[in-house]
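The values are calculated or read from the model by the stated rules, or taken from the named source; none is laboratory data. Bear in mind that the values here come from a model prediction, so they are computed numbers and not experimental data. No Cβ is skipped: glycine too gets one built from the backbone with ideal geometry, and neighbour counts run over all protein chains shown. Side chains are part of the model used for accessible areas, which takes the heavy atoms of the whole protein and leaves out ligands, DNA and RNA. Shrake-Rupley method; radii C 1.70, N 1.55, O 1.52, S 1.80 Å.
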Amino acid sequence: MFITARKLPEELLHYYALKHRSIQRANHLDKLHRLERGVEGERVYDMILDEAGHENLYIFRDLYLLIEGSVTQYDTLIVSESGIIVNEIKNFTGDYQVEASMWTRSGGATLPDDPMSQLRRAVGKLMNLQRGAGFKFEVSGKLIFPNESFRLFTKDDQVWNQVVLRADFKRHFNGFYNEYSGEGASKLADIIERHIVQNPYFKHRVEFDSVRHGLYCGGCGSFQLEKQQFHLLCMTCGSRESNETHLVRAMSDFKYLFGDLAMTSRRLMEFTGNAVNVRTLQRVLNKYCYVKGIYKTSNYIFKYFDFDEAMRKEQQTRKYKDYLS
């Protein structure tokens, strides 16, 4: 069973907001596309794991663990009575050669931090958990390559023993069919949950005045909107979204663009280009945010991870629907 949800990387949400609100530099677009490839690889992995079934397992996805003073990111941890298996997902494309621990892509580019080393570090960190667990458990790992266009060439059997290619996914997942989650697995899952922390590495920030202010269409991204009573009409594609939807999207953008910059009602009003009246803005702020401070010193903290989570969890409380073309 899935214990944790897989969310979009915070870095990707930052670049999505920049994509709409700034002129994208080439390095920004490269990072955005790289992150999107990673998300697509995880989507394929989760889909095939769902098809194979996982109710007899504890599955942790997209998490950060604080172990002995340092934080490590994990794509997937599979917990059963046998122990913990790390699945590190690499959505590589093209041909790769591995020789003497060096990973080289077709064309001669050598990976600065090869996947096998990453996997060994991730497994090693989990093995350190045993010191405070009070019982021993096995930890192992696999490198998962979900892209069908990825090809690997190596004579190293140790590499092949820890690699799962796209064609081998079903066999890999079927190998968990006889596993089960008893008392030992439950203890392991509890230990993992106690060590989960927020991502401490997301530090991307831009200046408030360096990006475009205003509201944009969720369908086509256009800022050419016409105000209606409870909606904004996109003059480019004809989509019609509620004032609430637009403001929540702006709050999510604010969170991932400006970091620790306090989101005050005045600052959000400026960020949205004064597109709605103050009463509407205040109502939506109170619904979707925690309030910190009082009166003139108050600022707001977005309750949700991102726009999509807010829309999903508040779907039943929304009065006006959206109409995307």
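With the condition kept exactly as written, say whether any residue in segment 121-139 is closer than 18 Å to I89 by Cβ, in a helix (DSSP H, G or I), β-branched (V, I, T) and open to solvent by less than 70 Å² (accessible area, probe 1.4 Å). Yes, segment 121-139 contains a residue that is closer than 18 Å to I89 by Cβ, in a helix (DSSP H, G or I), β-branched (V, I, T) and open to solvent by less than 70 Å² (accessible area, probe 1.4 Å). For segment 291-302, the condition holds for no residue, the condition being that it is open to solvent by less than 50 Å² (accessible area, probe 1.4 Å) and in a helix (DSSP H, G or I). Do the conditions hold for E309, that is, is it under 19 Å from F258 (Cα atoms) and either touching a residue at least 40 places away in the same chain (Cβ under 8 Å) or part of a loop (DSSP other than H, G, I, E, B) (or both)? Here the answer is no, as E309 does not meet what is asked.
Could you tell me how many of the residues in segment 303-322 are of a type in the set (D, E, K, R) and open to solvent by less than 30 Å² (accessible area, probe 1.4 Å)? Qualifying residue count, segment 303-322: 3.
Within segment 252-290, which residues are without any contact (Cβ under 8 Å) to a residue 40 or more places away in the chain, in a helix (DSSP H, G or I) and hydrophobic (A, V, I, L, M, F, W, C)? L268, M269, V278, L281, L285 - these are the residues of segment 252-290 that are without any contact (Cβ under 8 Å) to a residue 40 or more places away in the chain, in a helix (DSSP H, G or I) and hydrophobic (A, V, I, L, M, F, W, C).
Quick test for you: out of G238, G221, G214, pick the one residue that is surrounded by 14 or more Cβ atoms within 10 Å (Cβ to Cβ) and in a loop (DSSP other than H, G, I, E, B). After ruling out the rest, the residue left standing is G214. Taken over segment 140-165, the criterion of being open to solvent by less than 10 Å² (accessible area, probe 1.4 Å) and at pLDDT below 95 is satisfied by V159 alone. Here D95 passes the criteria (1) open to solvent by 70 Å² or more (accessible area, probe 1.4 Å); (2) at negative phi except the one numbered (1).
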